[in-house]
There are 2 protein chains.
Amino acid sequence: MPTNRKPRITIDHVARATGVSRQTVSRAINNKSEIDPDTRQRILEAARTMGYRPSRFARGLVRQDLITIGLVIADVLNPFFPEVTAGVLEAAERRGWQVVVYNTGSEYRKELEVVDMLTDQVDAGVAFLLHHDAIVKAATSNMPFVLLDKGGRAPAVAGVRIDFEGGTRQGLEYLVSKGHRRIAMLDDESSRVAQAPNTRRELYLKVMGEHGLPVNSDWIQPAHNSIDGGAAALERLLAVHRDVTAVFAYNDVIAIGAQLRARHLGLRVPEDLAFLGFDGLSIGELVEPPLTTLHIDKRRLGELAVEQAALLLNGAEADEVPEAVIEPQLAIRASV
Amino acid sequence: MPTNRKPRITIDHVARATGVSRQTVSRAINNKSEIDPDTRQRILEAARTMGYRPSRFARGLVRQDLITIGLVIADVLNPFFPEVTAGVLEAAERRGWQVVVYNTGSEYRKELEVVDMLTDQVDAGVAFLLHHDAIVKAATSNMPFVLLDKGGRAPAVAGVRIDFEGGTRQGLEYLVSKGHRRIAMLDDESSRVAQAPNTRRELYLKVMGEHGLPVNSDWIQPAHNSIDGGAAALERLLAVHRDVTAVFAYNDVIAIGAQLRARHLGLRVPEDLAFLGFDGLSIGELVEPPLTTLHIDKRRLGELAVEQAALLLNGAEADEVPEAVIEPQLAIRASV
DNA sequence: TTGAAAGCGCTAACAC
DNA sequence: GTGTTAGCGCTTTCAA
């Protein structure tokens, strides 16, 4: 590929071409007041025809208020993340910040790479990180870092905590109140590696135990985090426990895949088998019956994370940042 | 809010602290070879404990290979865009580029603002722009700019063209082949302002005319680009044309909203009313019956746009960049 | 293997 | 209203 990059046109070129100093050009470009309107006009026109564009690097070096944050998500295609992203973009825009987006696919190597990269490229990171090592790296990176799902981690990292325990409790109690006793779980297979405390799976076991309901590990099926993954996991589950009456899924995506498959198998939802999701995705309203779920305000999650990043950028230490918590709310639709 | 920003730690501080020149620090940080391993180790450690992070601005000023592109989309929450974004992120990552994301909500003022902003902040723009003025501004901005939906515009702007004509033709012919003659359209209300040639609406009228099918403007209902918008538009449509047998929608989101509403109204799909979408979103597979649609390879769209941006960054003029076209493919599911 | 000098493109501060 | 000077933090020469 013959690269044919044009040499950069600088403020000096424009200054020379218009016979003024580069300071005056700078004034024109930046809409400063101390400049003759005619001069400004002349300079602006010359700049435009010459193809001048200010260098963000030179500018950033001089001004100290150009802030860019890095948003690290696991998967743009999972509808959970666009909603978080919307919140982050909006909150960042209000502050005049730029947002660079990175996708990790929850891969171990990729998460580490991205954290490294961020350190060089942005002023603060807002990240959804699965792997413990990546979280440690982020926490010790000398850079303001906010976790989008802090889980039960120590206050050494800033982040938003989603109250999965409250959510799980609320959800399972609702299932129990509807008369279900044989409740299975479809877990996210990749969350096994997370090494984080209080995973949804442990909470499920705990809460089930509290209600004296039968569970052991074969009530839990790992599922790939996708529609198809949920569908496949449901089949595996039914092969082991045909008598299950309700399924509690790791998230809505898995729940939807499972519910769809259940209906294809001829089961009635919720009469034969009930489904409870987690996340409150809007696509849960499109399926039949609409998915009952524990709704998380994902937009707010993004906004809170940006607020924490702002505190860190202002000099706060991670352990001084007040904890932000998102409480899942039971959204009763029709699948339970 | 008491801002308490720490003064920046520079390479000079690290140099002084370790008793070497800043050159040597630079070598250590950048993993250059001409440096004593022990010295490197010592420096790296000092840098870490001092909290040193290189300034991207200072670096960017010196090196010329740090590229950032701006991705401008209409709405992160519309599932069309995450797929495009995935393609853009992947292609950009392969090239080592950063991607800054902006959301316009298709608002006129916002689009103009974002184009202005981009000019200062990134090296090239990849954008989904609705409004003519914003497109003109982008095209004349002195900056490499690629449109994600070039439509039938002149070659003065680079961009990917989605062959809506081919798609519309394919779709309508399929409806006709299924025996439909009274086919209505649910148009996107905001595309009215676009002033672009070859809109889906005009294509609908044209192709319907070619088949000698009855149409006039009341067969077209404008819909807000959302599930609820599609639902509302369907009701309006049925109020005017109870005898319609098929609905061709501007896109899948509108089609899904309409189909959902039709079923709530007690209509059978496709027996009483058939639905044809456009875009090929994966959420179309979740509804019942799964939505027949004209599938667009959105990921590829994003990749092609990045490729064009690369050509422009290498010095090509917009009108030299070879045209890239995406052909919609009829995806027959079950709603027709 | 290390250091010194130069300069990337811009704006802030101050002079005129 | 405009120009001059200095310097932001770094990497790239080049010299030692």
Residues B:Tyr108 and B:Lys206, FRET efficiency given R0 of 22 Å [Cβ-Cβ distance, rounded to 0.05]: 0.20
For A:Asp187, A:Asp116, what's the fewest-to-most ordering of other Cβ within 10 Å of each Cβ? A:Asp116, A:Asp187
Expected integer from the mean partner chain Cβ neighbour count at 10 Å over B:55-62 is 6
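Once R0 is set to 35 Å, what does the formula 1/(1 + (r/R0)^6) return for the Cβ-Cβ distance between A:Val176 and A:Ser282, expressed as a FRET efficiency to the nearest 0.05?
Numbers: r = 27 Å, r/R0 = 0.77.
For R0 = 35 Å, the calculated efficiency reads 0.80.
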The answer for A:Gly280, listing residues at least 5 apart or on another chain whose modeled amide H is closer than 5 Å to its amide H, is A:Asp252, A:Leu294, A:Ile296
Give the lysines reachable from A:Lys110 as a straight Cα distance under 18 Å; neighbours fewer than 8 places away on the same chain don't count. A:Lys137
Which one, A:Ser55, A:Gln23, A:Thr39, projects farthest toward the positive side of the charge dipole computed for the range A:11-58 from Cβ point charges (K/R +1, D/E -1)? A:Ser55
Likely footprinting exposure, A:Ile256, A:Ile283, fewest C-beta neighbours within 10 Å first: A:Ile283, A:Ile256
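For the peptides A:157-168, A:257-268, what is the packing order when you average, over each peptide's residues, the other Cβ atoms within 10 Å and list the highest mean first?
Working: A:157-168: 21.8, A:257-268: 18.7.
Packing order, densest peptide first, comes out as A:157-168, A:257-268.
Report, for chain A, the % of DSSP beta bridges that are antiparallel, rounded to 5.
On the way: 3 of 36 bridges.
Taking every DSSP beta bridge within chain A, about 10 percent pair in antiparallel fashion.
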Give the Cα extents of the range B:240-282 along the principal axes, in whole Å, largest first. 26, 17, 17
Loop-located GluC sites (Glu not before Pro) in the range A:25-93 whose Cβ has at most 14 other Cβ within 10 Å (DSSP): A:Glu34
Output needed: percent of Cα pairs per 10 Å distance bin for the range A:11-58, bins running from 0 to the one holding the longest distance. 30, 61, 9
Inter-copy distances for B:Gly152, label 7 Å out on the Cα-Cβ vector, sorted ascending, nm, one decimal, are 6.3
Mind checking A:312-319 for the average number of partner chain beta-carbons within 10 Å of each residue's beta-carbon? 2
Would you compute, for the Cα atoms of the range B:274-320, the largest minus smallest coordinate along each principal axis and list the three values in descending order, in whole Å? 49, 17, 7
Along each principal axis, Cα extent of the range B:208-336, largest first, Å: 57, 33, 25
Treating the point 7 Å from Cα along Cα-beta-carbon as the label, what are the nm separations from B:Asp120 to the other copies, to one decimal? 2.7
For B:Ser217 and A:Glu45, extending 7 Å from Cα along the Cα-Cβ vector and measuring point to point gives, in nm, a value of 4.2 nm
Ignore the peptide's own chain and count Cβ atoms of other chains within 10 Å of each Cβ in A:73-86; give me the average, rounded. 4
For the range A:1-153, take the alpha-carbon Rg, divide it by the Kirkwood Rh, and send me Rg/Rh. 1.13
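Only Cα pairs under 8 Å and at least 6 apart count here; give the relative contact order of chain A as a rounded whole percent.
Values: 599 pairs, mean separation 56.0, N = 336.
Relative contact order for chain A comes out at 17 percent.
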What's the center-to-center distance, using Cα atoms, between the range B:142-191 and the range A:32-56 in Å? 39 Å
Cα-based Rg then Dmax for the protein assembly as shown, in Å, read 27.6, 86
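Step by step: find N for chain B, compute 2.2 N^0.38 Å, then divide the Cα radius of gyration by it. What's the final number?
Details: Rg = 25.9 Å, N = 336, 2.2 N^0.38 = 20.1 Å.
In units of the 2.2 N^0.38 Å rule of thumb, it is 1.29.
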So who's got an amide H within less than 5 Å of the one on B:Phe275, skipping anything under 5 residues away but keeping other chains? H placed 1.01 Å off N, in plane. B:Val247, B:Val336
13 Å beta-carbon shell around B:Leu286, net charge (K/R +1, D/E -1): -4
What gaps in nm, shortest first, separate A:Ala17 from its twins in the other copies when you place the label 7 Å past Cα toward the beta carbon? 4.5
Which whole-number percent is the relative contact order of the range B:98-206 (Cα, under 8 Å, 6+ apart)? 21 percent
Sequence-separation-based contact order of the range A:164-295, relative, with Cα cut under 8 Å and 6+ spacing, percent: 24 percent
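Fewest to most neighbouring Cβ within 10 Å: what's the order for B:Met208, A:Met50, B:Met185, B:Met117?
Working: B:Met208 22, A:Met50 14, B:Met185 28, B:Met117 18.
Listing B:Met208, A:Met50, B:Met185, B:Met117 from fewest to most nearby Cβ atoms yields A:Met50, B:Met117, B:Met208, B:Met185.
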In sequence order, what are the phi-derived ³J(HN,Hα) couplings for the range B:52-64 according to the Karplus relation 6.51 cos²θ - 1.76 cosθ + 1.60 with θ = phi - 60°, rounded to whole Hz, with x for glycine and proline? 6, 9, x, 7, 5, 5, 4, 5, x, 5, 8, 7, 10
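Calculate, in nm to one decimal, what B:Val325 and B:Asn31 gain on full extension: separation in residues at 0.36 nm each, minus their alpha carbon distance.
Extra length from B:Val325 to B:Asn31 when fully extended: 101.6 nm.
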Built amide H within the under 5 Å cut-off of A:Ala158, gap 5+: A:Phe145, A:Leu147
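A short reminder: the numbers here are calculations on the coordinates, not readings from a lab. Computed from a predicted structure; not experimentally measured. Cβ: placed from backbone, ideal geometry, glycine included. Neighbour counts: every protein chain shown.
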